[in-house]
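Report on the following structure.
The values are calculated or read from the model by the stated rules, or taken from the named source; none is laboratory data. Here the structure is a predicted model, which is why all the values come from computation and not from measurement. Positions of Cβ are backbone-derived with ideal geometry, glycine not excepted, and every protein chain shown enters the neighbour counts.
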Amino acid sequence: MPLLGVVLPVLVLILASCEYVGGQDVFLPYEPGSHTTTKVHIGSLLTPGLEENLDVWLPTEGGTYNVFYFLDGMGAVTPANFYAQTMKHIASHGIAVVVVWKMSGPLNPEDKVPIFASVLEWAEEHLEKRLHNSGVEDSVHLDLENLVLGGHSAGNHILVEYLKGTCGKVKGQVFISPVDGADPFGLLPIYCINPRQSLNYITPTLHLAAGLDSLPGFSGIACAPEDLSNDRFYQALDPSSQRWSINATEFGHADFLDPPFAEAVGTTGFCSYNNDATAEEFSVYRRFVAGQTVTFIKALLEEEEGDCGQYLPYLEDTTLMPVAAEERHVNDIGGCPVAGCSWTPETIYTGAL
Ligand SMILES: *[C@@H]1O[C@H](CO)[C@@H](O)[C@H](O)[C@H]1NC(C)=O
């Protein structure tokens, strides 16, 4: 059957390259999304009223996009460009990513909370206008009423400290290798979490851990010491916070940064890193971190019907993930993460530490 021999491979090729099944977009979180993106840098130095730098990755086509605020490593002092590939991937799925950072500023994360709050306020007034002035189409809008807050490393300390004070407009949170304390060396004993006490807010949570987080680099220092990182945050969540936690067992604390920066952090011995991975495997890992974040945000904010059939498997089924991973979750109500945040005043634990 020579005809079948020709037609079948062609048909298979067409089907394989087709992203549409029955007219519906197939969700492929680890591949770049369908949006073209742009990046705008807004420097605090030349912007009256703005206390931090903002780097925004967002789609270029008209539309209203959900917003993911991201507080980056070392307590949000790391230049946002270190995370460019991951952030661009998230934006390509139709999400506006706003990385908030500054090289200087107070060391104590608690002192950064009012600064972060002032940035959120500035953004409500000015961010869209500023983006449009920077060449973004006027038809591009941001939904600043429903925010997802994310952090890497000690950036999570500021995030948690902010939510301990108010939910604001936050509807969910993303912890990436979260670290408590004011610095990775434990010199400043300032913590956002008391291990004996649940956090005083309830919100759906995605937690991504890296398997090598708590291993020291050559320097002898772990970037995410066991007692100050991942489980400390996961276990402090209010029992009724829906949560998904995924551990990429083979990668290190800063391995999802853009290649030159991840390499620098690893080879200088600052953090432990995956020294067996190829450039392609690091790329897959960056798309994994971005893809988990995209999946969580879409499940949270884009599924009004509560049908998470196309999203939950990517949060729960490790066989779908492109890197070695372990997963656990608490989702007593089943279905989608329910966008929202509820807050009660903190009761200060007075027992012995
Ligand atoms: C993640 O996996 C690594 C490697 O198996 C393990 O050492 C580490 O404790 C795990 N982390 C978490 C938070 O479960």
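Some points to look at:
- Entry remark, segment 252-279: residues being surrounded by fewer than 24 Cβ atoms within 10 Å (Cβ to Cβ) and touching a Leu at 6+ places or on another chain (Cβ under 8 Å) number 2 in total.
- Matching residues, segment 99-118, being touching a Pro at 6+ places or on another chain (Cβ under 8 Å), closer than 18 Å to ILE190 by Cβ and of a type outside the set (D, E, K, R): ILE115
- Single unsatisfied condition, GLU326 versus (1) assigned to a loop (DSSP other than H, G, I, E, B); (2) within 29 Å of ILE193 (Cα to Cα): (1)
- Evaluated against (1) under 26 Å from ALA84 (Cβ atoms); (2) free of Cβ contacts under 8 Å to residues at least 60 places away in the same chain; (3) within 16 Å of the ligand (Cβ to nearest atom); (4) of a type in the set (Asp, Glu), GLU281 falls short on exactly one condition, (3).
- Residue in segment 190-198 that is in contact with a strand residue (DSSP E or B) (Cβ under 8 Å, 6 or more places away or on another chain), hydrophobic (A, V, I, L, M, F, W, C) and within 27 Å of LEU300 (Cβ to Cβ) present: no
- Yes/no for HIS41 being modelled with pLDDT of 90 or more, surrounded by 10 or more Cβ atoms within 10 Å (Cβ to Cβ) and not in a strand (DSSP E or B): no
- Contact map, segment 59-75: residues that are touching a residue at least 12 places away in the same chain (Cβ under 8 Å) paired with residues that are among the charged types (D, E, K, R), Cβ distance under 7 Å, separation 6+ or inter-chain. Pairs shown: THR60/GLU137; GLY62/GLU137; THR64/ASP143; TYR65/ASP143; ASN66/ASP143; VAL67/ASP143; GLY75/LYS112.
- Residues satisfying the stated conditions in segment 57-91, i.e. assigned to a loop (DSSP other than H, G, I, E, B) and either under 20 Å from GLU31 (Cα atoms) or of a type outside the set (Gly, Ala, Ser) (or both): THR60, GLU61, ASP72, VAL77, THR78, PRO79
- Candidate set: segment 192-211, residues that are in a strand (DSSP E or B) and more than 16 Å from the ligand (Cβ to nearest atom); chosen: the one surrounded by the most Cβ atoms within 10 Å (Cβ to Cβ): TYR201
- Hey, THR319 in a helix (DSSP H, G or I), out of contact with any Ser or Thr (no Cβ under 7 Å at 6 or more places or on another chain), more than 16 Å from the ligand (Cβ to nearest atom) and touching a residue at least 60 places away in the same chain (Cβ under 8 Å) or not: no
- Any hit, segment 179-188, residues being assigned to a helix (DSSP H, G or I) and either closer than 22 Å to VAL148 by Cβ or near the ligand (Cβ under 10 Å from one of its atoms) (or both): no
- With respect to (1) surrounded by fewer than 22 Cβ atoms within 10 Å (Cβ to Cβ); (2) touching a His at 6+ places or on another chain (Cβ under 8 Å), the lone exception for VAL179 is condition (1).
- Segment 213-271, residues that are polar (S, T, N, Q), in a loop (DSSP other than H, G, I, E, B), within 19 Å of ASP180 (Cβ to Cβ) and within 16 Å of the ligand (Cβ to nearest atom): SER214, SER229
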